[in-house]
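Remarks on the structure that follows.
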Amino acid sequence: MTTKELNKPAITADTFAFQRELAQNNNREWLQANRKRYEAAKAQIEQLVTRILAGVNTFQPLPNTEVKDCIFRINRDIRFSKNKEPYKLNFAAAIGPGGRHSGRIDYYIHIQPGNESFLGAGMWQPTPAQLAKFRQEIDYNVAELKGIIEEETFRAYFPEIWGEVMKTAPKGYTTDHPDIDLLRRKQLFFMHRYSDQDVLQPGFAEEVARGCHLLKPYCDFLNYLFFEEE
């Protein structure tokens with residue numbers, strides 16, 4: 001990628017304008033009539049993901065991972081939803097080995113106007129077996145996890161935690177456990193929000209890659225725990 005390309009924003013106000021208008025006209029007829037605008041916005045998202053992948057590759061090699069593997073489709077799955085609007089109001093991508101179908105804990109980038117863009121990663125929909133492993137690790141060796149998620153730079157960048165929390169202690173643990181706050185979590189997903197102005201900056205993709213770098217130890221912790229630990 002040339003210096004000239006790096007000095008230009010990957011995302012422009014045109015993409016946000018398209019998304020805002022789609023929110024008001026979420027139907028196939030409108031999208032077909034604005035197909036060129038959609039293609040232009042999609043091309044900008046592809047450029048953004050290209051640059052994020054380049055940044056992530058400097059600290060986490062992603063072999064055989066192409067941009068098309070990472071970006072989620074704009075079409076919603078409406079088969080079992082009461083909301084029958086056909087299109088998502090965001091563009092999103094999973095950044096990790098193999099992209100969105102890796103089956104592992106990856107970085108998730110979400111682009112949406114109204115200051116709704118964010119980068120996040122973590123334990124979101126664990127299987128019962130994975131959740132049991134997570135709680136066992138907290139009970140036996142919480143220091144490693146705390147060393148990652150309580151590190152000053154990490155918490156400064158990821159102040160928001162998403163996820164469901166139990167009202168009481170999970171089975172097999174007492175309410176006075178010293179790490180009950182972590183044990184009660186059924187999901188532990190860290191997130192950093194970006195303003196619309198942040199997204200429109202020339203260095204936004206590189207900033208997202210920096211955020212991914214901060215998330216990497218947490219993702220590595222979960223991936224080892226869930227997929228590699230004997």
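Structural remarks
- Which numbered condition D176 fails, given (1) touching a helix residue (DSSP H, G or I) at 6+ places or on another chain (Cβ under 9 Å); (2) part of a loop (DSSP other than H, G, I, E, B); (3) not small (G, A, S): (1)
- Selection within the stretch 133-173 - in a helix (DSSP H, G or I), surrounded by 11 or more Cβ atoms within 10 Å (Cβ to Cβ) and acidic (D, E): E137, D139, E144
- Boolean, I105 is surrounded by 13 or more Cβ atoms within 10 Å (Cβ to Cβ), hydrophobic (A, V, I, L, M, F, W, C) and part of a loop (DSSP other than H, G, I, E, B): yes
- For A93, the conditions (1) open to solvent by less than 50 Å² (accessible area, probe 1.4 Å); (2) without any contact (Cβ under 8 Å) to a residue 24 or more places away in the chain are fulfilled apart from (2).
- If only residues of the stretch 117-132 that are free of Cβ contacts under 8 Å to residues at least 60 places away in the same chain and open to solvent by 30 Å² or more (accessible area, probe 1.4 Å) are counted, the one that is nearest to D196 (Cα to Cα) is T127.
- The number of residues in the stretch 179-207 being out of contact with any Phe, Trp or Tyr (no Cβ under 8 Å at 6 or more places or on another chain), under 21 Å from M123 (Cβ atoms) and assigned to a helix (DSSP H, G or I) comes to 2.
- Among the residues of the stretch 188-197, the ones that are of a type outside the set (A, V, I, L, M, F, W, C) and either free of Cβ contacts under 8 Å to residues at least 24 places away in the same chain or surrounded by 16 or more Cβ atoms within 10 Å (Cβ to Cβ) (or both) come to 4 in all.
The values are calculated or read from the model by the stated rules, or taken from the named source; none is laboratory data. Small disclaimer: the values here were computed from a predicted structure and weren't measured. Positions of Cβ are backbone-derived with ideal geometry, glycine not excepted, and every protein chain shown enters the neighbour counts. We work out accessible area using only protein heavy atoms, side chains counted, and drop any ligands, DNA or RNA first. Shrake-Rupley method; radii C 1.70, N 1.55, O 1.52, S 1.80 Å.
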